[in-house]
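The structure under discussion appears below in the form of structure tokens.
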């Protein structure tokens, strides 16, 4: 990891958030409950448990990618997809605010998506190839 990277603090912070969001559930059985008690009844049976583990392992892989600077775009798109599905399946119905004006809303996911896209595309979205 390049200490002089302008996005160093953002990358480290995102890595910490991803690890904090994945490792405890992997250690205390929460990921199993997520798979069996949420994903299976939500229509993912019988794949809820493997999907839950894939999601949590993708968070760990994203943290490693952020710290190593490798595979940021492919793992970033997986992470953004998981966050968007979290908005669709869980947070969207709760409104915007995580705390304050509401509870468990989408604002944190939206912030994370913007942060991941910023890390994935530090120069912004630039068009390549010929113009249409």
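The values are calculated or read from the model by the stated rules, or taken from the named source; none is laboratory data. All values derive from a computational prediction rather than experimental measurement. For neighbour counting, all protein chains shown are included, and Cβ atoms are generated from backbone atoms with ideal geometry for every residue, glycine included.
In region 65-79, the residue that is surrounded by the most Cβ atoms within 10 Å (Cβ to Cβ) out of those that are within 16 Å of residue 10 (Cα to Cα) and in contact (Cβ under 8 Å) with a residue 40 or more places away in the chain is 66.
Screening residue 46 against (1) part of a helix (DSSP H, G or I); (2) more than 26 Å from residue 73 (Cβ to Cβ) leaves a single unmet condition, (1). All conditions but one from (1) touching a helix residue (DSSP H, G or I) at 6+ places or on another chain (Cβ under 8 Å); (2) more than 15 Å from residue 113 (Cα to Cα); (3) modelled with pLDDT of 95 or more apply to residue 15; the one that does not is (2).
Of the residues screened, residue 89 is not one that is in a helix (DSSP H, G or I) and either modelled with pLDDT under 95 or crowded, with 19+ Cβ neighbours inside 10 Å (or both).
Of the listed requirements (1) part of a helix (DSSP H, G or I); (2) on the phi > 0 side of the Ramachandran plot, residue 113 misses just one: (2). Going residue by residue through region 29-48, is there one that turns out to be out of contact with any helix residue (DSSP H, G or I) (no Cβ under 7 Å at 6 or more places or on another chain), loosely packed, with under 15 Cβ neighbours inside 10 Å and touching a residue at least 24 places away in the same chain (Cβ under 8 Å)? Checking region 29-48: not a single residue is out of contact with any helix residue (DSSP H, G or I) (no Cβ under 7 Å at 6 or more places or on another chain), loosely packed, with under 15 Cβ neighbours inside 10 Å and touching a residue at least 24 places away in the same chain (Cβ under 8 Å). Looking across region 92-110, the residues that are within 14 Å of the chain's Cα centre (by Cα) and either farther than 17 Å from residue 17 by Cβ or not in a loop (DSSP other than H, G, I, E, B) (or both) come down to 107, 108, 109, 110.
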